Amino acid sequence: MQGCETPRKSMYDSIVQTATLATGLLAEMVPMMIIGVFLAEVLVALNIAGKIAALSRPLTSFACLREECGTSFLMAFVSPPAANAMLLDYHTKEIITRKELIIAATMNSFPTVVMHWRYLLPVYVPLLGIPGLIYFGLLMLSGLVKTLVIMVIGRMTLTPMPHASTVVLEEKPTVTLREALKTACTSSKKILIRLLRITVPTIVIVAFLINAGTFDRLAEMMQGAGGFFPIPPEGFAIVAAQFGSFVAGASVASALLAAGDMTWQQIVLTLLVGNVLTSVTRSIRWLGSSYVAIFGVRTGTEIMFVSTALRNSIMIVLVVVLAYGLGWG
(Lines give C-alpha, C1' and ligand atoms only; values in the text may rest on other atoms or scores of the structure.)
Protein backbone atom coordinates (compact mmCIF):
# COMPACT_ATOMS: atom_id res chain seq x y z
CA MET A 1 0.00 0.00 0.00
CA GLN A 2 2.84 2.38 0.81
CA GLY A 3 4.24 1.91 -2.69
CA CYS A 4 0.94 3.04 -4.15
CA GLU A 5 0.54 5.97 -1.79
CA THR A 6 3.96 7.46 -2.59
CA PRO A 7 3.30 7.98 -6.35
CA ARG A 8 -0.16 9.35 -5.51
CA LYS A 9 1.30 11.79 -3.01
CA SER A 10 3.97 12.83 -5.52
CA MET A 11 1.33 13.39 -8.19
CA TYR A 12 -0.82 15.34 -5.74
CA ASP A 13 2.14 17.54 -4.77
CA SER A 14 2.91 18.16 -8.42
CA ILE A 15 -0.68 19.20 -9.13
CA VAL A 16 -0.71 21.52 -6.13
CA GLN A 17 2.61 23.12 -7.12
CA THR A 18 1.45 23.58 -10.71
CA ALA A 19 -1.85 25.10 -9.60
CA THR A 20 -0.09 27.43 -7.16
CA LEU A 21 2.43 28.63 -9.76
CA ALA A 22 -0.27 29.04 -12.43
CA THR A 23 -2.42 31.03 -10.02
CA GLY A 24 0.50 33.33 -9.23
CA LEU A 25 1.29 33.90 -12.92
CA LEU A 26 -2.35 34.56 -13.74
CA ALA A 27 -2.64 36.96 -10.80
CA GLU A 28 0.25 38.99 -12.25
CA MET A 29 -0.89 38.94 -15.86
CA VAL A 30 -4.71 38.96 -16.01
CA PRO A 31 -5.29 42.27 -14.16
CA MET A 32 -2.85 44.05 -16.47
CA MET A 33 -4.53 42.53 -19.53
CA ILE A 34 -7.92 43.71 -18.33
CA ILE A 35 -6.56 47.20 -17.69
CA GLY A 36 -4.93 47.31 -21.13
CA VAL A 37 -8.02 46.26 -23.06
CA PHE A 38 -10.33 48.47 -21.01
CA LEU A 39 -8.05 51.52 -21.35
CA ALA A 40 -7.79 51.00 -25.09
CA GLU A 41 -11.58 50.93 -25.36
CA VAL A 42 -11.91 54.07 -23.23
CA LEU A 43 -9.40 55.94 -25.41
CA VAL A 44 -11.22 54.87 -28.56
CA ALA A 45 -14.59 55.87 -27.11
CA LEU A 46 -13.26 59.29 -26.07
CA ASN A 47 -11.59 59.82 -29.46
CA ILE A 48 -8.26 60.77 -27.81
CA ALA A 49 -6.04 57.81 -28.74
CA GLY A 50 -4.48 59.82 -31.55
CA LYS A 51 -3.73 62.78 -29.30
CA ILE A 52 -1.86 60.62 -26.78
CA ALA A 53 -0.05 58.78 -29.55
CA ALA A 54 1.26 62.11 -30.88
CA LEU A 55 4.01 61.91 -28.26
CA SER A 56 5.52 58.92 -30.05
CA ARG A 57 4.50 59.97 -33.56
CA PRO A 58 8.11 60.31 -34.84
CA LEU A 59 8.68 56.62 -34.06
CA THR A 60 5.41 55.32 -35.49
CA SER A 61 5.64 57.56 -38.56
CA PHE A 62 9.14 56.35 -39.39
CA ALA A 63 8.08 52.72 -38.94
CA CYS A 64 4.91 53.31 -41.01
CA LEU A 65 2.75 52.28 -38.06
CA ARG A 66 -0.62 53.74 -37.21
CA GLU A 67 -0.80 56.25 -34.39
CA GLU A 68 -2.66 53.80 -32.16
CA CYS A 69 0.56 51.77 -31.92
CA GLY A 70 2.18 54.82 -30.36
CA THR A 71 -0.37 54.75 -27.53
CA SER A 72 0.57 51.15 -26.84
CA PHE A 73 4.29 51.98 -26.96
CA LEU A 74 3.86 54.62 -24.25
CA MET A 75 1.77 52.23 -22.14
CA ALA A 76 4.63 49.69 -22.31
CA PHE A 77 6.66 51.97 -20.02
CA VAL A 78 4.02 51.32 -17.36
CA SER A 79 2.81 47.78 -18.11
CA PRO A 80 3.98 45.64 -21.08
CA PRO A 81 1.07 43.14 -20.75
CA ALA A 82 -1.44 46.01 -20.79
CA ALA A 83 0.32 47.55 -23.80
CA ASN A 84 0.23 44.28 -25.75
CA ALA A 85 -3.40 43.74 -24.81
CA MET A 86 -4.12 47.14 -26.35
CA LEU A 87 -2.43 46.04 -29.59
CA LEU A 88 -4.52 42.90 -29.72
CA ASP A 89 -7.64 44.98 -29.16
CA TYR A 90 -6.71 47.25 -32.08
CA HIS A 91 -5.97 44.22 -34.26
CA THR A 92 -9.29 42.58 -33.37
CA LYS A 93 -11.07 45.76 -34.43
CA GLU A 94 -9.02 45.72 -37.68
CA ILE A 95 -7.45 49.08 -36.84
CA ILE A 96 -3.99 47.54 -37.36
CA THR A 97 -2.91 44.60 -39.50
CA ARG A 98 -1.21 41.44 -38.24
CA LYS A 99 2.15 42.62 -39.58
CA GLU A 100 1.72 45.94 -37.78
CA LEU A 101 0.83 44.00 -34.65
CA ILE A 102 4.06 41.97 -34.75
CA ILE A 103 6.28 44.99 -35.43
CA ALA A 104 4.57 47.13 -32.78
CA ALA A 105 4.74 44.34 -30.18
CA THR A 106 8.46 43.92 -30.85
CA MET A 107 8.97 47.67 -30.44
CA ASN A 108 7.12 47.48 -27.11
CA SER A 109 9.91 45.34 -25.69
CA PHE A 110 12.26 48.36 -25.53
CA PRO A 111 10.31 50.21 -22.81
CA THR A 112 10.36 46.94 -20.86
CA VAL A 113 14.17 46.85 -21.06
CA VAL A 114 14.43 50.48 -20.00
CA MET A 115 12.21 49.93 -16.96
CA HIS A 116 14.47 47.08 -15.80
CA TRP A 117 16.69 49.73 -14.20
CA ARG A 118 14.49 49.39 -11.11
CA TYR A 119 15.69 45.82 -10.63
CA LEU A 120 19.14 45.75 -12.25
CA LEU A 121 20.85 48.92 -11.07
CA PRO A 122 20.26 48.30 -7.33
CA VAL A 123 22.05 44.95 -7.81
CA TYR A 124 24.79 45.55 -10.37
CA VAL A 125 26.03 48.95 -9.18
CA PRO A 126 26.55 48.02 -5.49
CA LEU A 127 28.14 44.66 -6.39
CA LEU A 128 30.22 45.65 -9.42
CA GLY A 129 30.43 49.44 -9.38
CA ILE A 130 31.34 51.07 -12.71
CA PRO A 131 31.53 47.71 -14.59
CA GLY A 132 27.95 47.03 -13.48
CA LEU A 133 26.86 50.42 -14.81
CA ILE A 134 28.67 49.77 -18.09
CA TYR A 135 26.95 46.39 -18.41
CA PHE A 136 23.55 47.98 -17.84
CA GLY A 137 24.34 50.65 -20.43
CA LEU A 138 25.25 47.99 -22.99
CA LEU A 139 21.93 46.23 -22.34
CA MET A 140 20.13 49.52 -23.00
CA LEU A 141 22.19 50.02 -26.16
CA SER A 142 21.26 46.58 -27.52
CA GLY A 143 17.59 47.25 -26.77
CA LEU A 144 17.74 50.60 -28.54
CA VAL A 145 19.44 49.11 -31.59
CA LYS A 146 16.82 46.36 -31.72
CA THR A 147 14.06 48.97 -31.71
CA LEU A 148 15.78 50.93 -34.51
CA VAL A 149 16.19 47.75 -36.58
CA ILE A 150 12.52 46.77 -36.21
CA MET A 151 11.52 50.34 -37.13
CA VAL A 152 13.59 50.08 -40.32
CA ILE A 153 11.96 46.72 -41.06
CA GLY A 154 8.57 48.36 -40.60
CA ARG A 155 9.50 51.17 -42.95
CA MET A 156 10.66 48.68 -45.58
CA THR A 157 7.74 46.26 -45.33
CA LEU A 158 4.71 48.35 -44.38
CA THR A 159 2.87 50.63 -46.77
CA PRO A 160 2.71 54.26 -45.66
CA MET A 161 -0.87 55.40 -45.44
CA PRO A 162 -2.90 58.18 -43.84
CA HIS A 163 -4.13 57.40 -40.35
CA ALA A 164 -7.63 56.63 -41.47
CA SER A 165 -8.71 55.23 -38.13
CA THR A 166 -7.86 58.51 -36.39
CA VAL A 167 -9.83 60.49 -38.95
CA VAL A 168 -12.88 58.33 -38.38
CA LEU A 169 -12.58 58.76 -34.64
CA GLU A 170 -12.50 62.54 -34.98
CA GLU A 171 -15.79 62.53 -36.92
CA LYS A 172 -17.66 60.90 -34.02
CA PRO A 173 -19.67 63.12 -31.68
CA THR A 174 -18.14 64.07 -28.36
CA VAL A 175 -19.01 61.66 -25.57
CA THR A 176 -18.87 62.08 -21.82
CA LEU A 177 -16.53 60.09 -19.61
CA ARG A 178 -19.48 58.15 -18.18
CA GLU A 179 -20.65 57.20 -21.67
CA ALA A 180 -17.11 56.20 -22.65
CA LEU A 181 -16.73 54.00 -19.57
CA LYS A 182 -20.08 52.32 -20.27
CA THR A 183 -19.14 51.70 -23.90
CA ALA A 184 -15.72 50.38 -22.89
CA CYS A 185 -17.24 47.93 -20.40
CA THR A 186 -19.49 46.50 -23.10
CA SER A 187 -16.91 46.30 -25.88
CA SER A 188 -14.19 44.89 -23.60
CA LYS A 189 -16.13 41.78 -22.60
CA LYS A 190 -15.86 39.96 -25.93
CA ILE A 191 -12.11 40.36 -26.36
CA LEU A 192 -11.41 39.60 -22.68
CA ILE A 193 -13.34 36.34 -22.92
CA ARG A 194 -11.27 35.40 -25.97
CA LEU A 195 -8.07 36.36 -24.16
CA LEU A 196 -8.85 34.35 -21.04
CA ARG A 197 -9.75 31.27 -23.09
CA ILE A 198 -6.18 31.33 -24.42
CA THR A 199 -4.41 32.69 -21.36
CA VAL A 200 -5.59 30.28 -18.66
CA PRO A 201 -4.69 26.97 -20.37
CA THR A 202 -1.42 28.43 -21.70
CA ILE A 203 -0.27 29.53 -18.25
CA VAL A 204 -1.26 26.17 -16.76
CA ILE A 205 0.83 24.35 -19.38
CA VAL A 206 3.82 26.63 -18.74
CA ALA A 207 3.50 26.13 -14.98
CA PHE A 208 3.44 22.35 -15.51
CA LEU A 209 6.57 22.48 -17.69
CA ILE A 210 8.35 24.61 -15.08
CA ASN A 211 7.53 22.16 -12.28
CA ALA A 212 8.50 19.23 -14.50
CA GLY A 213 12.00 20.69 -14.82
CA THR A 214 11.76 21.14 -18.60
CA PHE A 215 13.34 24.58 -18.54
CA ASP A 216 16.03 23.48 -16.10
CA ARG A 217 17.15 20.77 -18.52
CA LEU A 218 17.09 23.28 -21.36
CA ALA A 219 19.24 25.61 -19.24
CA GLU A 220 21.80 22.83 -18.74
CA MET A 221 21.98 22.34 -22.50
CA MET A 222 22.44 26.08 -23.07
CA GLN A 223 25.28 26.28 -20.53
CA GLY A 224 27.32 23.97 -22.74
CA ALA A 225 27.11 26.54 -25.54
CA GLY A 226 29.23 28.94 -23.48
CA GLY A 227 32.40 27.34 -24.84
CA PHE A 228 31.74 28.92 -28.24
CA PHE A 229 32.13 32.44 -26.81
CA PRO A 230 35.39 34.30 -26.02
CA ILE A 231 35.25 34.22 -22.22
CA PRO A 232 37.90 32.93 -19.78
CA PRO A 233 37.38 29.61 -17.96
CA GLU A 234 36.62 31.46 -14.72
CA GLY A 235 33.67 33.12 -16.46
CA PHE A 236 31.71 29.89 -16.77
CA ALA A 237 30.88 30.15 -13.06
CA ILE A 238 29.18 33.48 -13.78
CA VAL A 239 27.24 32.06 -16.72
CA ALA A 240 26.09 29.06 -14.66
CA ALA A 241 24.96 31.39 -11.87
CA GLN A 242 23.03 33.59 -14.31
CA PHE A 243 20.83 30.64 -15.18
CA GLY A 244 19.72 30.73 -11.55
CA SER A 245 19.14 34.49 -11.37
CA PHE A 246 20.77 37.75 -12.39
CA VAL A 247 21.47 38.41 -8.70
CA ALA A 248 23.46 35.15 -8.43
CA GLY A 249 25.40 36.01 -11.59
CA ALA A 250 26.27 39.47 -10.28
CA SER A 251 27.34 38.02 -6.93
CA VAL A 252 29.74 35.52 -8.51
CA ALA A 253 31.08 38.21 -10.83
CA SER A 254 31.66 40.51 -7.86
CA ALA A 255 33.66 37.84 -6.03
CA LEU A 256 35.84 37.10 -9.08
CA LEU A 257 36.43 40.79 -9.69
CA ALA A 258 37.39 41.42 -6.05
CA ALA A 259 39.77 38.45 -6.05
CA GLY A 260 41.48 39.72 -9.21
CA ASP A 261 40.72 36.50 -11.10
CA MET A 262 39.08 38.47 -13.95
CA THR A 263 39.44 42.01 -15.27
CA TRP A 264 36.43 44.31 -15.36
CA GLN A 265 36.36 44.02 -19.16
CA GLN A 266 36.19 40.22 -18.92
CA ILE A 267 33.44 40.52 -16.29
CA VAL A 268 31.30 42.74 -18.53
CA LEU A 269 31.91 40.50 -21.55
CA THR A 270 31.01 37.36 -19.58
CA LEU A 271 27.82 38.93 -18.25
CA LEU A 272 26.81 39.78 -21.82
CA VAL A 273 27.48 36.20 -22.97
CA GLY A 274 25.50 34.84 -20.03
CA ASN A 275 22.65 37.19 -20.89
CA VAL A 276 22.55 35.82 -24.45
CA LEU A 277 22.53 32.20 -23.30
CA THR A 278 19.95 32.70 -20.56
CA SER A 279 17.71 34.77 -22.83
CA VAL A 280 16.70 31.64 -24.76
CA THR A 281 15.29 29.84 -21.74
CA ARG A 282 14.04 33.11 -20.24
CA SER A 283 12.13 33.98 -23.41
CA ILE A 284 10.51 30.56 -23.65
CA ARG A 285 9.70 30.48 -19.95
CA TRP A 286 8.36 33.97 -19.35
CA LEU A 287 8.08 36.03 -22.54
CA GLY A 288 6.75 33.03 -24.44
CA SER A 289 3.98 32.45 -21.94
CA SER A 290 3.14 36.17 -21.94
CA TYR A 291 3.10 36.58 -25.72
CA VAL A 292 1.27 33.32 -26.37
CA ALA A 293 -1.23 34.04 -23.61
CA ILE A 294 -2.10 37.41 -25.15
CA PHE A 295 -1.66 36.93 -28.90
CA GLY A 296 -2.31 33.21 -29.29
CA VAL A 297 0.08 30.38 -30.10
CA ARG A 298 0.96 31.29 -33.69
CA THR A 299 1.32 35.06 -33.40
CA GLY A 300 2.72 34.96 -29.87
CA THR A 301 5.43 32.47 -30.86
CA GLU A 302 6.31 34.54 -33.93
CA ILE A 303 6.67 37.73 -31.87
CA MET A 304 8.79 35.93 -29.28
CA PHE A 305 11.04 34.47 -32.00
CA VAL A 306 11.49 37.79 -33.82
CA SER A 307 12.19 39.69 -30.60
CA THR A 308 14.63 37.13 -29.19
CA ALA A 309 16.43 36.53 -32.50
CA LEU A 310 16.92 40.25 -33.12
CA ARG A 311 18.13 40.91 -29.59
CA ASN A 312 20.55 37.99 -29.48
CA SER A 313 21.96 38.79 -32.91
CA ILE A 314 22.72 42.34 -31.78
CA MET A 315 24.18 41.11 -28.48
CA ILE A 316 26.45 38.61 -30.26
CA VAL A 317 27.72 41.34 -32.60
CA LEU A 318 28.35 43.50 -29.53
CA VAL A 319 30.28 40.68 -27.84
CA VAL A 320 32.43 40.13 -30.95
CA VAL A 321 33.19 43.86 -31.25
CA LEU A 322 34.15 44.14 -27.59
CA ALA A 323 36.18 40.91 -27.54
CA TYR A 324 38.12 41.31 -30.76
CA GLY A 325 37.66 44.93 -31.74
CA LEU A 326 38.55 46.38 -28.34
CA GLY A 327 40.54 43.41 -27.08
CA TRP A 328 38.35 42.72 -24.04
CA GLY A 329 38.49 38.97 -24.51
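The values are calculated or read from the model by the stated rules, or taken from the named source; none is laboratory data. Being a predicted model, the structure only gives us computed values, none of them experimental. Every residue, glycine as well, gets a Cβ built from its backbone with ideal geometry; the counts of neighbours run over all protein chains shown.
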Within segment 242-300, the count of residues that are closer than 18 Å to residue 126 by Cα, of a type in the set (Gly, Ala, Ser) and buried (at least 20 other Cβ atoms within 10 Å of the Cβ) comes to 4
Within segment 59-85, the residues that are closer than 22 Å to residue 292 by Cα, β-branched (Val, Ile, Thr) and touching a residue at least 12 places away in the same chain (Cβ under 8 Å) are 71
Can you confirm whether segment 173-183 contains a residue that is at positive phi, loosely packed, with under 15 Cβ neighbours inside 10 Å and either over 18 Å from the mean Cα position of the chain (by Cα) or modelled with pLDDT under 80 (or both)? no
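Of everything in segment 250-283, what is of a type in the set (Gly, Ala, Ser), in a helix (DSSP H, G or I) and more than 18 Å from residue 113 (Cβ to Cβ)? Give them in sequence order.
In the first step, residues of segment 250-283 are kept if they are of a type in the set (Gly, Ala, Ser); the result is 250-251, 253-255, 258-260, 274, 279, 283.
The next check asks that each one be in a helix (DSSP H, G or I); those that pass are 250-251, 253-255, 258-259, 274, 279, 283.
251, 253, 254, 255, 258, 259, listed by residue number.
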Does residue 62 fit the bill of being modelled with pLDDT of 80 or more, surrounded by fewer than 17 Cβ atoms within 10 Å (Cβ to Cβ), among the hydrophobic types (A, V, I, L, M, F, W, C) and over 14 Å from the mean Cα position of the chain (by Cα)? yes
Could you say whether any residue in segment 302-315 is buried (at least 18 other Cβ atoms within 10 Å of the Cβ) and part of a loop (DSSP other than H, G, I, E, B)? no
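Just checking, which of 55, 101, 74, 120 is at pLDDT 90 or above and either under 16 Å from residue 147 (Cα atoms) or surrounded by fewer than 23 Cβ atoms within 10 Å (Cβ to Cβ) (or both)?
Numbers: 55 fails: at pLDDT 90 or above; 74 fails: at pLDDT 90 or above; 120 fails: at pLDDT 90 or above.
Of the residues listed, the single one that is at pLDDT 90 or above and either under 16 Å from residue 147 (Cα atoms) or surrounded by fewer than 23 Cβ atoms within 10 Å (Cβ to Cβ) (or both) is 101.
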